[in-house]
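J.: What follows is a single structure, and I will ask about it in a moment.
The values are calculated or read from the model by the stated rules, or taken from the named source; none is laboratory data. Remember, predicted model here, so these are calculated numbers, not experimental data. Methodologically, a virtual Cβ is constructed for each residue, glycine included, from the backbone with ideal geometry; neighbour enumeration extends over all protein chains shown. Just so you know, the surface numbers come from the protein's heavy atoms only, side chains and all, with ligands and any DNA or RNA stripped out. Shrake-Rupley method; radii C 1.70, N 1.55, O 1.52, S 1.80 Å.
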Amino acid sequence: MSFVKGLRCRECHKEYPIEPLHVCEFCFGPLEVVYNYDEIKKVLTRDAISKRAPNMWRYKELMPLNGEPTVGAQVGFTPLVKADNLAKALGVKELYVKNDAVCYPTLSFKDRVVSVAISKAKEFGFKVAGCASTGNLANSVAANATAANMENFIFIPNDLEQGKVLGTLIYKTNLVSIKGTYDDVNRLCAEIAGKYGWAFVNVNIRPFYAEGCKTYAYEIFEQLGWKVPKHIVVPMAGGSLLNKIWKSAQEFHKLGLTDDADMKLYGAQATGCSPITTAVKTGHDLIKPVKPNTIAKSLAIGNPADGFYAAKAMRESGGWGEDVSDEEIVDGIKLLARTEGIFTETAGGVTVGVTKKLIEQGRIPRDESIVICITGNGLKTLEAVVGKIGAPEVINAKLSEFDELYKTMKK
Ligand SMILES: *Cc1c(COP(=O)(O)O)cnc(C)c1O
Ligand SMILES: [Zn+2]
């Protein structure tokens, strides 16, 4: 049974039935899934959720499928780590890391959105899946569509890291590398989706795809003991995750699952691709597209689809946006690794770096709860740290050589 009412335009509020549509035909506004919360409230209690299996489908009433998911049944319920060492390093009292660097099966939060999108595409009867990707989405669509026995075509910009490219090819997908930026890739995919009639998870299936993001936040609230944190720092590419974290807090509050939705949202970008945080910092409503130039390739979207609404959510919540240099990104990756033993990719470096900056600026107070969103795995972006974290000591297999080395290694 589905609790979905339909699709609705975020701008003019025109309603549409559940179809593979993503923009309003009247005003070109983005479409969003609308639910019947009164009915959901009757069944989705804290108690009911707690008894279900530890995966993202424990909130299935708030997901836009008619039936059970056909792929990704085990995705989600990643750890919320109480990060006391990092808290100490940053000089704050209460800090948590939501760690989707270990999300099943492809080690980023994209597995959440893809399991919804591919399952929905199958419900719609599509035979072929595709995506325009900055890397992690490519990995996840290739893995999940393959597992769902669905032919798939993946489109990426041609400057991605080895881990992202090989981590896609391994699934024997059809991978197309475009000579251009992500924004060029995305434009092409919109044309292909129209002409070939394929399900592009983040183009014509986008309203359903985006709903998958919400489970990342539901889990945080549940893991905090049915509470929202006071502050949450979120990496942004297209701005979808940040928007949906905001929607999740409103939904949980509306359903009586949390006492309030009093949470400030902070968006994080790389300075080399910061169209959304720039809009927030300069007080502009409109997002001015940029040409990306940063090592945080997973966040390198110069013309973010949900940027306008992400900036609005930050303002409404009382949060802020900030960005960091490539050097600060690497420092962020290293800081998280040496304090908490978590190896994140460049997007996580952005989040940690921005968190540090916002605390130093006094924008995030030191005595209230903070969650930072770690969304991807460091093994996929080794290029970012090669040559910046030292090298192993090399010796022969002789005790005397180790004895000598040990003297020099002792701190
Ligand atoms: C895609 C991605 C994001 C940002 O997602 P949006 O919803 O497009 O803002 C953040 N982190 C990682 C690792 C990603 O792959
Ligand atoms: Zn409209």
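J.: Residue by residue through the stretch 136-176, note down the ones that are open to solvent by less than 10 Å² (accessible area, probe 1.4 Å), within 23 Å of L299 (Cβ to Cβ), of a type in the set (A, V, I, L, M, F, W, C) and not in a strand (DSSP E or B).
T.: Within the stretch 136-176, L137, A138, V141, A142 qualify.
J.: How many residues are touching a residue at least 40 places away in the same chain (Cβ under 8 Å) and either outside the structural domain of T346 (by TED's automatic domain parsing) or not aliphatic (A, V, I, L, M) (or both) if we restrict to the stretch 249-283?
T.: Residues that pass the stated criteria total 13.
J.: Limited to the stretch 134-165, what total is found for residues that are within 17 Å of the chain's Cα centre (by Cα) and touching a residue at least 60 places away in the same chain (Cβ under 8 Å)?
T.: Residues flagged as within 17 Å of the chain's Cα centre (by Cα) and touching a residue at least 60 places away in the same chain (Cβ under 8 Å) within the stretch 134-165 amount to 8.
J.: Name the residue, out of E32, E25, E39, that is within 15 Å of ligand 2 (Cβ to nearest atom) and surrounded by fewer than 17 Cβ atoms within 10 Å (Cβ to Cβ).
T.: Result: E25 is the single residue among E32, E25, E39 that is within 15 Å of ligand 2 (Cβ to nearest atom) and surrounded by fewer than 17 Cβ atoms within 10 Å (Cβ to Cβ).
J.: Further question: Among the residues of the stretch 251-272, are any farther than 30 Å from D331 by Cβ and among the basic types (K, R)?
T.: yes
J.: Ok, one more. Of all residues being in contact with a Lys or Arg (Cβ under 8 Å, 6 or more places away or on another chain) and within 16 Å of ligand 2 (Cβ to nearest atom) in the stretch 287-314, which is least open to solvent (accessible area, probe 1.4 Å)? Just the residue, please.
T.: Checked the stretch 287-314; the qualifying residue least open to solvent (accessible area, probe 1.4 Å) is Y309.
J.: If you scan the stretch 286-321, which residues turn out to be farther than 22 Å from A249 by Cα and of a type outside the set (A, V, I, L, M, F, W, C)?
T.: The answer is K288, P289, K291, P292, N293, T294, K297, S298, G302, N303, P304.
J.: Separate question: How about the stretch 324-410: which helices (runs of 4 or more DSSP H) wholly inside it have at least 1 residues that are farther than 28 Å from Y266 by Cβ?
T.: 399-409
J.: So which residues in the stretch 324-352 are within 14 Å of ligand 1 (Cβ to nearest atom) and open to solvent by 10 Å² or more (accessible area, probe 1.4 Å)?
T.: I342, F343
J.: Let me ask something else about it. Cβ-Cβ under 6 Å, sequence separation 6+ or interchain: first residue in the stretch 88-109 and among the aromatic types (F, W, Y), partner assigned to a loop (DSSP other than H, G, I, E, B) and surrounded by fewer than 17 Cβ atoms within 10 Å (Cβ to Cβ). Which pairs?
T.: Pairs that qualify, where the first residue is among the aromatic types (F, W, Y) and the partner is assigned to a loop (DSSP other than H, G, I, E, B) and surrounded by fewer than 17 Cβ atoms within 10 Å (Cβ to Cβ), are Y104/Q74.
J.: Out of curiosity, is I245 within 16 Å of ligand 1 (Cβ to nearest atom) and assigned by TED's automatic domain parsing to the domain that holds G321?
T.: It is true that I245 is within 16 Å of ligand 1 (Cβ to nearest atom) and assigned by TED's automatic domain parsing to the domain that holds G321.
J.: Another question, if that's okay. Could you list all residues from the stretch 223-237 that are touching a Phe, Trp or Tyr at 6+ places or on another chain (Cβ under 9 Å) and open to solvent by 10 Å² or more (accessible area, probe 1.4 Å)?
T.: Q223, L224, W226, K227, V228, A237
J.: Exactly one of (1) part of a strand (DSSP E or B); (2) away from ligand 1 (no atom under 16 Å from the Cβ) is unmet by V33. Its number?
T.: V33 satisfies all of (1) part of a strand (DSSP E or B); (2) away from ligand 1 (no atom under 16 Å from the Cβ) except (2).
J.: Filter the stretch 3-17 down to the residues that are open to solvent by 40 Å² or more (accessible area, probe 1.4 Å) and more than 9 Å from ligand 2 (Cβ to nearest atom), then identify the one that is nearest to L62 (Cα to Cα).
T.: K5
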